[in-house]
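Participant: Starting off with a structure, shown below.
The values are calculated or read from the model by the stated rules, or taken from the named source; none is laboratory data. On a predicted model such as this, the values are computed, not experimentally measured, just so you know. As a convention, Cβ positions derive from the backbone with ideal geometry for all residues, glycine included, and neighbour counts pool all protein chains shown.
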Amino acid sequence: MIKAVFHVILIVIIVSCANSSEPKRDSQVVNFNLENDLLLVNYDCKTDVDDLHSIAAFASLIRQPEFSKLNFHAVAGAYGIQEGEYVPGNSLFNLAFSDRWSDAHLNHDKALNEVFVKVANVLSNDGNIWIAEAGQSDFSSKLVMKIQEKLDRISTTKRIHVVQHSDWNEEVTDPAHLANVKKQTDYHKIPDGNALNNGTPGFNSSSIVDWTNIITNQEIKSLWDLAIQLADTYNGEDGRYLNESIKAGGLDFSDFSEVHHILSLENIENCTDYFEYLASQN
């Protein structure tokens, strides 16, 4: 009898040890649903010109067959409490997204209302909202508060997914708004998209990226030509942040890392990989 009990205990210990060695699975992890969900990409455009390259990166993606039906909306001027001059990029937003963007710099309240209407429609049809923070979270926080006010049956912690990659972006978000999005949404902080080998692709290169010999699609080339032209014009101008990678002739679309994460793109580790991925889709 004692041996039998000992054997039972031993089996339980072995099974427990085996289970403990397995990675824990988060039962609440969800993936972006191309049929039902909405992707919001919020650009601060203040004062780093990297947003312009990031806009071109995202605009290139939505022109691929796999993402041609992606439900998205972009926001310009979704900045926080940082000082400095705004980077005007309306011509690029128009070329990149047509009428699928809102200008929170020109008219913050109008942009918030425009985005809320789109969000409310998706939420009412059982879709989720994914926010790529290519900037700070002040705009997202106000959107969440509006959802809670107008759509009080919606659980924002389950239906609103916010992805941020930058410590600096968090530091210059109004503290109350940052605390709000962290508490009231499914908030994810991923490794910085400026660096390599940290689990997030490094979309910042001070070396020249030979993208013009990789990309053959003329529409995509036009997007990047305009993004680079505008970035070169405003980089460090009138006290704006001087992006050293762009100054050196490289690229910085580090704020695209959240989109990469949300849409689960694979086999992309750096800038060149991304352009090769785009070329392989055409």
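Participant: Out of the residues in region 78-99 meeting the condition of being without any contact (Cβ under 8 Å) to a residue 40 or more places away in the chain and assigned to a loop (DSSP other than H, G, I, E, B), tell me which one is nearest to SER137 (Cα to Cα).
Facilitator: Per the criteria, the residue is GLU83.
Participant: Then there is this: Quick check on region 109-126. Is at least one of its residues under 30 Å from GLN229 (Cα atoms), of a type outside the set (A, V, I, L, M) and buried (at least 16 other Cβ atoms within 10 Å of the Cβ)?
Facilitator: Yes; the residues of region 109-126 include at least one that is under 30 Å from GLN229 (Cα atoms), of a type outside the set (A, V, I, L, M) and buried (at least 16 other Cβ atoms within 10 Å of the Cβ).
Participant: Quick one: in region 36-94, of everything that is among the hydroxyl-bearing types (Ser, Thr, Tyr) and over 21 Å from HIS261 (Cβ atoms), which residue is nearest to the chain's Cα centre (by Cα)?
Facilitator: So the first thing to find is which residues in region 36-94 are among the hydroxyl-bearing types (Ser, Thr, Tyr), and the list is 43, 47, 54, 60, 68, 79, 86, 91.
Applying the additional criterion that residues be over 21 Å from HIS261 (Cβ atoms) yields 47, 79, 86, 91.
Details: THR47: 18, TYR79: 14, TYR86: 20, SER91: 21 Å.
Checking each candidate, the answer is TYR79.
Participant: Hey, can you tell me all the residues within region 260-282 that are in a loop (DSSP other than H, G, I, E, B), without any contact (Cβ under 8 Å) to a residue 12 or more places away in the chain and farther than 25 Å from VAL162 by Cβ?
Facilitator: Listed by number, the list holds a single entry, ASN267.
Participant: Would you confirm whether or not region 61-73 contains a residue that is surrounded by 24 or more Cβ atoms within 10 Å (Cβ to Cβ) and either at pLDDT 95 or above or in contact with a helix residue (DSSP H, G or I) (Cβ under 6 Å, 6 or more places away or on another chain) (or both)?
Facilitator: no
Participant: Quick one: what pairs do we get from region 100-127, first residue closer than 17 Å to THR156 by Cα, second of a type in the set (Val, Ile, Thr) and part of a strand (DSSP E or B), C-beta under 8 Å, 6+ apart or different chains?
Facilitator: Correct list of pairs: VAL115/VAL75; VAL119/ILE129; VAL122/ILE129; LEU123/ILE129.
Participant: Being outside any loop (DSSP other than H, G, I, E, B) and basic (Lys, Arg) is the filter; apply it to region 150-197 and report the residue that is nearest to ILE262 (Cα to Cα). Can you show your working first?
Facilitator: Step one: list which residues in region 150-197 are outside any loop (DSSP other than H, G, I, E, B), which gives 150, 156-164, 167-171, 175-184, 186-189.
Restricting the remaining residues to those that are basic (Lys, Arg) gives 150, 158-159, 182-183, 189.
Working: LYS150: 26, LYS158: 15, ARG159: 14, LYS182: 17, LYS183: 20, LYS189: 12 Å.
It comes out as LYS189.
Conditions (1) of a type in the set (Phe, Trp, Tyr); (2) closer than 18 Å to PHE93 by Cβ; (3) surrounded by fewer than 22 Cβ atoms within 10 Å (Cβ to Cβ), marked per residue:
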| residue | (1), (2), (3) |
| --- | --- |
| SER207 | no, no, yes |
| THR216 | no, no, yes |
| SER222 | no, yes, yes |
| ASP238 | no, no, yes |
| GLU244 | no, no, yes |
| PHE253 | yes, yes, no |
| VAL259 | no, yes, no |
| GLU269 | no, no, yes |
| THR272 | no, no, yes |
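Participant: Of the conditions (1) surrounded by 13 or more Cβ atoms within 10 Å (Cβ to Cβ); (2) of a type outside the set (Lys, Arg); (3) at pLDDT 95 or above, GLN281 fails just one. Which one is it?
Facilitator: Against the list (1) surrounded by 13 or more Cβ atoms within 10 Å (Cβ to Cβ); (2) of a type outside the set (Lys, Arg); (3) at pLDDT 95 or above, GLN281 comes up short only on (3).
Participant: Then there is this: Filter region 43-76 down to residues that are without any contact (Cβ under 8 Å) to a residue 60 or more places away in the chain and small (Gly, Ala, Ser) and give me whichever is farthest from ASP238 (Cα to Cα).
Facilitator: Top of the filtered list is SER68.
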